[in-house]
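Single-structure report; data block below.
The values are calculated or read from the model by the stated rules, or taken from the named source; none is laboratory data. Please read these numbers as outputs of a predicted model, since none were measured by experiment. Reconstructed Cβ throughout: ideal geometry from the backbone, glycine too, with neighbour counts over all protein chains shown. For the accessible areas, the whole protein counts, side chains as well, though only heavy atoms, and no ligand, DNA or RNA atoms are used. Shrake-Rupley method; radii C 1.70, N 1.55, O 1.52, S 1.80 Å.
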Amino acid sequence: MRLLLLAVLLPLLGGCATLRYYAQAVSGHLELIRRATPINEELARDAVPDALKTKLRAVLRIREFASRELALPDNGSYKSYADLGRRYVLWNVFAAAEFSVAPVTSCFPVAGCVSYRGYFAEDGAKAEAARLRERGYDVYIGGVPAYSTLGWFDDPVLSTFIHYPDAELARLMFHELAHQLLYVKNDTRFNESFAATVEQAGVARWLTQDENQSQRAAYARLQGMRQQFVALLLKYRAILDDYYRQELPPEQKRPGKARRFAELEAEYQQLKASWGGFTGYDRWFAGKPNNATLASVALYTELVPAFTALLARETGDLPRFYAAVKELAKLSKEERDTRLQSIPLN
(Lines give C-alpha, C1' and ligand atoms only; values in the text may rest on other atoms or scores of the structure.)
Protein backbone atom coordinates (compact mmCIF):
# COMPACT_ATOMS: atom_id res chain seq x y z
CA MET A 1 0.00 0.00 0.00
CA ARG A 2 2.84 2.40 0.77
CA LEU A 3 4.40 1.74 -2.62
CA LEU A 4 1.02 2.29 -4.25
CA LEU A 5 0.68 5.60 -2.39
CA LEU A 6 4.15 6.64 -3.51
CA ALA A 7 3.24 5.79 -7.10
CA VAL A 8 0.14 8.00 -6.83
CA LEU A 9 2.23 10.87 -5.45
CA LEU A 10 4.90 10.67 -8.15
CA PRO A 11 3.09 12.99 -10.59
CA LEU A 12 2.91 15.66 -7.86
CA LEU A 13 6.66 15.80 -7.37
CA GLY A 14 7.38 17.92 -10.47
CA GLY A 15 10.00 17.76 -13.26
CA CYS A 16 10.85 14.90 -15.61
CA ALA A 17 14.20 14.31 -13.91
CA THR A 18 12.48 14.03 -10.53
CA LEU A 19 9.91 11.61 -11.94
CA ARG A 20 12.62 9.42 -13.47
CA TYR A 21 14.54 9.37 -10.21
CA TYR A 22 11.55 8.32 -8.13
CA ALA A 23 10.40 5.82 -10.75
CA GLN A 24 13.73 3.99 -10.65
CA ALA A 25 13.62 4.02 -6.83
CA VAL A 26 10.12 2.52 -6.72
CA SER A 27 10.78 -0.08 -9.43
CA GLY A 28 14.13 -1.02 -7.87
CA HIS A 29 12.61 -1.59 -4.45
CA LEU A 30 9.65 -3.49 -5.92
CA GLU A 31 12.10 -5.83 -7.64
CA LEU A 32 13.92 -6.37 -4.35
CA ILE A 33 10.66 -7.24 -2.56
CA ARG A 34 9.65 -9.56 -5.39
CA ARG A 35 12.85 -11.55 -5.00
CA ALA A 36 12.66 -11.87 -1.20
CA THR A 37 11.60 -15.17 0.39
CA PRO A 38 11.44 -16.05 4.11
CA ILE A 39 14.73 -17.41 5.42
CA ASN A 40 12.97 -20.42 6.96
CA GLU A 41 11.73 -21.35 3.48
CA GLU A 42 15.25 -21.00 2.08
CA LEU A 43 16.59 -23.28 4.81
CA ALA A 44 13.99 -25.93 3.94
CA ARG A 45 14.90 -26.02 0.25
CA ASP A 46 17.25 -28.81 -0.86
CA ALA A 47 18.53 -26.69 -3.75
CA VAL A 48 20.01 -24.04 -1.46
CA PRO A 49 23.79 -24.63 -1.02
CA ASP A 50 24.95 -25.61 2.46
CA ALA A 51 27.29 -22.60 2.61
CA LEU A 52 24.37 -20.23 2.06
CA LYS A 53 22.27 -22.06 4.66
CA THR A 54 25.09 -21.63 7.17
CA LYS A 55 25.13 -17.87 6.55
CA LEU A 56 21.34 -17.62 6.75
CA ARG A 57 21.37 -19.36 10.12
CA ALA A 58 24.01 -16.87 11.26
CA VAL A 59 21.72 -14.04 10.11
CA LEU A 60 18.88 -15.36 12.28
CA ARG A 61 21.19 -15.55 15.31
CA ILE A 62 22.46 -12.02 14.70
CA ARG A 63 18.92 -10.75 14.16
CA GLU A 64 17.71 -12.22 17.45
CA PHE A 65 20.78 -10.82 19.25
CA ALA A 66 20.09 -7.35 17.86
CA SER A 67 16.65 -7.18 19.46
CA ARG A 68 17.47 -9.06 22.67
CA GLU A 69 20.84 -7.52 23.55
CA LEU A 70 20.96 -4.22 21.64
CA ALA A 71 17.31 -3.15 21.97
CA LEU A 72 17.09 -2.64 18.21
CA PRO A 73 13.68 -2.88 16.47
CA ASP A 74 12.06 -6.33 16.69
CA ASN A 75 10.24 -6.59 13.37
CA GLY A 76 10.31 -8.52 10.12
CA SER A 77 13.54 -7.03 8.80
CA TYR A 78 16.36 -9.47 7.98
CA LYS A 79 14.09 -12.50 8.23
CA SER A 80 13.86 -12.92 4.45
CA TYR A 81 16.50 -13.31 1.74
CA ALA A 82 16.81 -11.87 -1.78
CA ASP A 83 19.38 -12.90 -4.39
CA LEU A 84 19.95 -9.85 -6.60
CA GLY A 85 22.55 -11.32 -8.93
CA ARG A 86 24.79 -8.26 -8.74
CA ARG A 87 27.56 -6.91 -6.53
CA TYR A 88 25.66 -3.97 -5.01
CA VAL A 89 22.02 -3.19 -4.36
CA LEU A 90 22.55 0.56 -4.90
CA TRP A 91 25.12 2.99 -6.19
CA ASN A 92 25.25 6.28 -4.27
CA VAL A 93 26.39 9.42 -6.07
CA PHE A 94 28.17 12.04 -3.94
CA ALA A 95 29.12 15.49 -5.21
CA ALA A 96 31.05 18.48 -3.90
CA ALA A 97 32.04 21.82 -5.40
CA GLU A 98 35.50 22.18 -6.92
CA PHE A 99 36.86 23.99 -3.87
CA SER A 100 34.75 22.56 -1.05
CA VAL A 101 34.62 19.36 1.00
CA ALA A 102 30.94 19.91 1.87
CA PRO A 103 28.58 17.50 0.08
CA VAL A 104 25.85 18.67 -2.27
CA THR A 105 22.44 17.76 -0.85
CA SER A 106 19.25 16.51 -2.49
CA CYS A 107 15.85 16.84 -0.80
CA PHE A 108 12.96 14.35 -0.88
CA PRO A 109 9.48 14.28 0.66
CA VAL A 110 10.04 11.34 3.05
CA ALA A 111 13.77 11.20 3.73
CA GLY A 112 14.32 14.95 3.81
CA CYS A 113 17.62 16.36 2.56
CA VAL A 114 20.43 13.84 2.17
CA SER A 115 23.98 14.17 0.94
CA TYR A 116 23.82 11.68 -1.94
CA ARG A 117 21.49 10.17 -4.53
CA GLY A 118 20.97 6.41 -4.73
CA TYR A 119 20.42 4.46 -7.95
CA PHE A 120 19.41 0.81 -8.33
CA ALA A 121 21.22 0.63 -11.68
CA GLU A 122 24.89 1.49 -12.04
CA ASP A 123 24.22 3.10 -15.42
CA GLY A 124 21.80 5.50 -13.75
CA ALA A 125 24.44 6.45 -11.20
CA LYS A 126 27.03 6.98 -13.94
CA ALA A 127 24.64 9.19 -15.91
CA GLU A 128 23.97 11.34 -12.83
CA ALA A 129 27.71 11.54 -12.13
CA ALA A 130 28.37 12.67 -15.70
CA ARG A 131 25.68 15.37 -15.40
CA LEU A 132 27.25 16.68 -12.19
CA ARG A 133 30.77 16.64 -13.64
CA GLU A 134 29.54 18.72 -16.57
CA ARG A 135 28.41 21.30 -14.02
CA GLY A 136 31.91 21.40 -12.53
CA TYR A 137 31.43 19.24 -9.44
CA ASP A 138 33.81 16.65 -8.01
CA VAL A 139 31.89 13.35 -8.04
CA TYR A 140 32.24 9.99 -6.33
CA ILE A 141 30.16 6.84 -6.96
CA GLY A 142 30.07 4.37 -4.07
CA GLY A 143 28.60 0.87 -4.35
CA VAL A 144 26.22 0.07 -1.48
CA PRO A 145 25.63 -3.52 -0.26
CA ALA A 146 22.56 -2.61 1.88
CA TYR A 147 20.18 0.21 2.68
CA SER A 148 17.42 0.87 5.19
CA THR A 149 13.79 1.73 4.44
CA LEU A 150 13.69 3.31 7.93
CA GLY A 151 11.12 0.80 9.16
CA TRP A 152 8.57 1.49 6.41
CA PHE A 153 9.18 -2.00 5.04
CA ASP A 154 10.74 -5.26 6.24
CA ASP A 155 14.25 -5.09 4.79
CA PRO A 156 15.54 -8.44 3.50
CA VAL A 157 19.02 -9.88 3.77
CA LEU A 158 20.67 -9.50 0.37
CA SER A 159 23.09 -11.56 -1.68
CA THR A 160 25.25 -8.42 -1.85
CA PHE A 161 26.40 -8.93 1.75
CA ILE A 162 25.29 -12.40 2.91
CA HIS A 163 28.76 -13.90 2.41
CA TYR A 164 30.56 -11.32 4.58
CA PRO A 165 32.36 -12.75 7.63
CA ASP A 166 29.88 -13.06 10.51
CA ALA A 167 31.25 -10.05 12.40
CA GLU A 168 30.99 -7.85 9.28
CA LEU A 169 27.51 -9.23 8.64
CA ALA A 170 26.51 -8.27 12.18
CA ARG A 171 28.08 -4.81 11.78
CA LEU A 172 26.05 -4.06 8.68
CA MET A 173 22.76 -5.37 10.12
CA PHE A 174 23.18 -3.44 13.37
CA HIS A 175 23.91 -0.28 11.36
CA GLU A 176 20.80 -0.57 9.20
CA LEU A 177 18.55 -1.47 12.14
CA ALA A 178 19.83 1.62 13.97
CA HIS A 179 18.42 3.72 11.13
CA GLN A 180 15.02 2.15 11.80
CA LEU A 181 15.30 3.11 15.45
CA LEU A 182 16.15 6.76 14.79
CA TYR A 183 16.31 8.92 11.69
CA VAL A 184 16.45 12.72 11.63
CA LYS A 185 15.45 14.52 8.47
CA ASN A 186 18.04 16.76 6.83
CA ASP A 187 21.01 15.55 8.91
CA THR A 188 22.91 12.75 7.15
CA ARG A 189 26.01 13.21 9.29
CA PHE A 190 24.02 12.79 12.53
CA ASN A 191 22.15 9.71 11.24
CA GLU A 192 25.17 7.91 9.84
CA SER A 193 27.44 8.64 12.80
CA PHE A 194 24.74 7.43 15.21
CA ALA A 195 24.29 4.19 13.25
CA ALA A 196 28.07 3.71 13.03
CA THR A 197 28.33 4.07 16.82
CA VAL A 198 25.57 1.48 17.34
CA GLU A 199 27.26 -0.93 14.94
CA GLN A 200 30.59 -0.64 16.77
CA ALA A 201 29.04 -1.15 20.20
CA GLY A 202 26.91 -3.99 18.86
CA VAL A 203 29.73 -5.92 17.24
CA ALA A 204 31.90 -5.56 20.36
CA ARG A 205 29.11 -7.22 22.36
CA TRP A 206 28.44 -9.80 19.67
CA LEU A 207 32.07 -10.86 19.67
CA THR A 208 32.25 -11.29 23.46
CA GLN A 209 29.92 -14.27 23.15
CA ASP A 210 31.99 -15.77 20.31
CA GLU A 211 34.53 -18.36 21.37
CA ASN A 212 36.23 -18.21 17.96
CA GLN A 213 39.39 -16.30 18.87
CA SER A 214 40.61 -16.15 15.28
CA GLN A 215 37.42 -14.39 14.17
CA ARG A 216 37.70 -11.89 17.00
CA ALA A 217 41.33 -11.21 16.12
CA ALA A 218 40.53 -10.85 12.42
CA TYR A 219 37.76 -8.37 13.13
CA ALA A 220 39.95 -6.38 15.52
CA ARG A 221 42.63 -6.13 12.85
CA LEU A 222 40.12 -5.08 10.20
CA GLN A 223 38.60 -2.51 12.53
CA GLY A 224 42.03 -1.09 13.34
CA MET A 225 42.83 -0.66 9.64
CA ARG A 226 39.43 0.92 9.05
CA GLN A 227 40.05 3.46 11.81
CA GLN A 228 43.50 4.33 10.46
CA PHE A 229 42.13 4.74 6.95
CA VAL A 230 39.26 6.97 8.07
CA ALA A 231 41.65 9.05 10.19
CA LEU A 232 43.84 9.59 7.13
CA LEU A 233 40.92 10.78 4.98
CA LEU A 234 39.59 13.05 7.72
CA LYS A 235 43.07 14.52 8.15
CA TYR A 236 43.21 15.50 4.48
CA ARG A 237 39.63 16.69 4.51
CA ALA A 238 40.63 19.19 7.22
CA ILE A 239 43.80 20.13 5.31
CA LEU A 240 41.85 20.81 2.12
CA ASP A 241 39.06 22.62 3.95
CA ASP A 242 41.65 25.04 5.38
CA TYR A 243 43.27 25.45 1.97
CA TYR A 244 39.99 26.16 0.16
CA ARG A 245 39.21 28.94 2.64
CA GLN A 246 42.26 30.88 1.49
CA GLU A 247 41.61 33.90 -0.72
CA LEU A 248 43.29 32.61 -3.86
CA PRO A 249 42.22 32.69 -7.54
CA PRO A 250 40.96 29.35 -8.98
CA GLU A 251 43.96 28.97 -11.33
CA GLN A 252 46.23 29.07 -8.28
CA LYS A 253 44.08 26.83 -6.11
CA ARG A 254 43.90 23.98 -8.62
CA PRO A 255 47.62 23.02 -8.49
CA GLY A 256 47.54 23.23 -4.68
CA LYS A 257 44.50 20.97 -4.60
CA ALA A 258 46.17 18.42 -6.89
CA ARG A 259 49.34 18.46 -4.78
CA ARG A 260 47.43 17.75 -1.58
CA PHE A 261 45.53 14.85 -3.11
CA ALA A 262 48.86 13.43 -4.38
CA GLU A 263 50.20 13.67 -0.82
CA LEU A 264 47.10 11.83 0.45
CA GLU A 265 47.69 9.00 -2.01
CA ALA A 266 51.37 8.78 -1.05
CA GLU A 267 50.46 8.54 2.64
CA TYR A 268 47.92 5.85 1.84
CA GLN A 269 50.61 3.78 0.12
CA GLN A 270 52.76 4.05 3.27
CA LEU A 271 49.82 3.04 5.43
CA LYS A 272 49.04 0.08 3.18
CA ALA A 273 52.64 -1.09 3.43
CA SER A 274 52.36 -1.04 7.23
CA TRP A 275 49.35 -3.36 6.88
CA GLY A 276 51.39 -5.93 5.00
CA GLY A 277 49.90 -4.98 1.64
CA PHE A 278 46.19 -5.22 2.55
CA THR A 279 44.34 -3.86 -0.51
CA GLY A 280 40.80 -3.53 0.83
CA TYR A 281 40.74 0.25 0.34
CA ASP A 282 42.39 0.43 -3.07
CA ARG A 283 39.00 0.96 -4.70
CA TRP A 284 38.84 4.39 -3.04
CA PHE A 285 41.89 5.40 -5.06
CA ALA A 286 41.07 3.57 -8.29
CA GLY A 287 39.17 6.57 -9.64
CA LYS A 288 41.42 9.10 -7.88
CA PRO A 289 40.03 10.60 -4.65
CA ASN A 290 38.47 14.04 -4.77
CA ASN A 291 36.36 16.39 -2.64
CA ALA A 292 33.28 14.18 -2.98
CA THR A 293 35.23 11.12 -1.80
CA LEU A 294 36.32 12.94 1.35
CA ALA A 295 32.83 14.32 1.93
CA SER A 296 31.31 10.83 1.77
CA VAL A 297 33.66 9.47 4.46
CA ALA A 298 33.09 12.40 6.83
CA LEU A 299 29.33 11.87 6.66
CA TYR A 300 29.64 8.38 8.10
CA THR A 301 32.26 8.98 10.77
CA GLU A 302 32.73 12.58 11.85
CA LEU A 303 30.44 12.50 14.90
CA VAL A 304 31.26 8.95 16.01
CA PRO A 305 33.70 10.10 18.77
CA ALA A 306 30.99 12.33 20.28
CA PHE A 307 28.35 9.59 20.13
CA THR A 308 30.81 7.09 21.61
CA ALA A 309 31.50 9.49 24.47
CA LEU A 310 27.76 9.92 24.99
CA LEU A 311 27.33 6.13 25.16
CA ALA A 312 30.14 5.95 27.74
CA ARG A 313 28.46 8.72 29.73
CA GLU A 314 25.34 6.52 29.83
CA THR A 315 27.60 3.71 31.21
CA GLY A 316 27.17 1.70 28.01
CA ASP A 317 23.43 1.29 28.58
CA LEU A 318 22.04 1.26 25.04
CA PRO A 319 18.37 2.09 25.84
CA ARG A 320 19.53 5.10 27.88
CA PHE A 321 21.88 6.07 25.04
CA TYR A 322 19.03 5.84 22.51
CA ALA A 323 16.84 8.01 24.75
CA ALA A 324 19.59 10.63 25.01
CA VAL A 325 20.09 10.66 21.23
CA LYS A 326 16.34 10.98 20.67
CA GLU A 327 16.39 14.07 22.89
CA LEU A 328 19.17 15.49 20.72
CA ALA A 329 17.09 14.70 17.65
CA LYS A 330 14.38 17.07 18.89
CA LEU A 331 16.78 20.03 18.70
CA SER A 332 17.69 22.09 15.68
CA LYS A 333 20.73 20.93 13.73
CA GLU A 334 22.81 23.79 15.12
CA GLU A 335 21.81 22.95 18.70
CA ARG A 336 22.51 19.23 18.14
CA ASP A 337 25.96 19.95 16.81
CA THR A 338 26.71 22.26 19.72
CA ARG A 339 25.58 19.69 22.29
CA LEU A 340 27.62 16.94 20.67
CA GLN A 341 30.72 19.11 20.45
CA SER A 342 30.42 19.91 24.17
CA ILE A 343 30.63 16.24 25.21
CA PRO A 344 34.13 15.54 26.64
CA LEU A 345 35.97 12.94 24.54
CA ASN A 346 37.79 10.33 26.56
Mean Cα-pair separation over length for the chain, i.e. relative contact order, pairs under 8 Å, 6 or more apart, %: 18 percent
Value of relative contact order over the range 185-340, rounded to a whole percent, pairs C-alpha under 8 Å and six or more apart: 41 percent
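Sort TYR116, TYR81 by accessible area with a 1.4 Å probe, largest first. Intermediate results must be reported in sequence, preceding the final value.
Working: TYR116 50, TYR81 15 Å².
Of TYR116, TYR81, the descending order of accessible area is TYR116, TYR81.
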Positive-end residue of SER214, GLN180, VAL157, charge dipole of the range 148-263 with Cβ unit charges: SER214
Relative contact order (%) - the range 109-236, alpha-carbon pairs under 8 angstrom, separation at least six: 23 percent
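How much length would be gained if the chain were fully extended between GLN246 and ARG45, taking 0.36 nm per residue of separation minus their Cα-Cα distance, in nm to one decimal? If you can, show how the numbers build up before the last one.
Numbers: separation 201, 0.36 × 201 = 72.36 nm, distance 6.31 nm.
So the extension gain works out to 66.0 nm.
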Solvent accessible area, Å² - GLU41, 1.4 Å probe, full protein context: 110 Å²
Residue-level accessible surface for LEU150, protein heavy atoms, 1.4 Å, Å²: 50 Å²
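Order TRP152, TRP284 by their accessible area, 1.4 angstrom probe, all chains in place, largest first. Show your work: numbers first, answer last.
Numbers: TRP152 120, TRP284 40 Å².
Greatest to least solvent exposure: TRP152, TRP284.
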Overall form of the range 19-77 per C-alpha gyration tensor (a/c, 1.5; a/b vs b/c): oblate
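Name the shape class, rounded, prolate or oblate, that the alpha-carbon gyration tensor gives for the range 169-212, where a ≥ b ≥ c are the square roots of its eigenvalues, rounded holds for a/c under 1.5, and otherwise prolate holds if a/b is larger than b/c and oblate otherwise.
Values: a/c = 3.64, a/b = 2.88, b/c = 1.26.
Taking the square roots of the gyration eigenvalues as a ≥ b ≥ c, the range 169-212 is prolate.
Can you give the charge dipole size of the chain about its Cα centre, rounded to the nearest 20 debye, using +1 on the beta carbon of Lys and Arg and -1 on the beta carbon of Asp and Glu? Before the final figure, lay out each step's value.
Values: 44 positive and 40 negative charges, 70 e Å.
For this selection, approximately 340 debye.
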For the chain, accessible area per residue (1.4 Å probe, heavy atoms of protein chains only), Å²: 49 Å²
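Let me know the shape class of the range 229-346, please: from the alpha-carbon gyration tensor, a ≥ b ≥ c as square roots of the eigenvalues, rounded when a/c is under 1.5, otherwise prolate if a/b is greater than b/c, or oblate. Don't jump to the answer; show the numbers that get you there.
Values: a/c = 3.01, a/b = 1.60, b/c = 1.88.
It is oblate, given that a/c is not under 1.5 and a/b is not larger than b/c.
Report, to the nearest whole %, how much of the accessible area of the range 117-167 belongs to carbon and sulfur atoms, 1.4 Å probe, protein only.
50 percent
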Inter-probe distance in nm under a simple model that places probes 7 Å from Cα toward Cβ, at GLU134 and SER67: 4.9 nm
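Give, to the nearest whole percent, the P(r) tail of the range 57-113 beyond 16 angstrom, counting all Cα pairs. List each step's numbers first, then the result.
Working: 1099 of 1596 pairs.
Percent of Cα pairs beyond 16 Å in the range 57-113: 69.
Under the 0.36 nm per residue contour assumption, what length would be gained going from the current alpha-carbon distance of ARG339 and LYS53 to full extension?
Numbers: separation 286, 0.36 × 286 = 102.96 nm, distance 4.54 nm.
Roughly 98.4 nm would be gained on extension.
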Structure-based [θ]222 nm, the chain - -39500 (n - 2.57) summed over DSSP H runs of at least 4, per residue, nearest 500: -20000 deg cm²/dmol
Area of ASP282 that stays accessible when all protein chains are in place (1.4 Å probe, Å², to 10): 50 Å²
SER77, SER159, SER332, SER214, ranked by accessible area, largest first (probe 1.4 Å): SER214, SER332, SER159, SER77
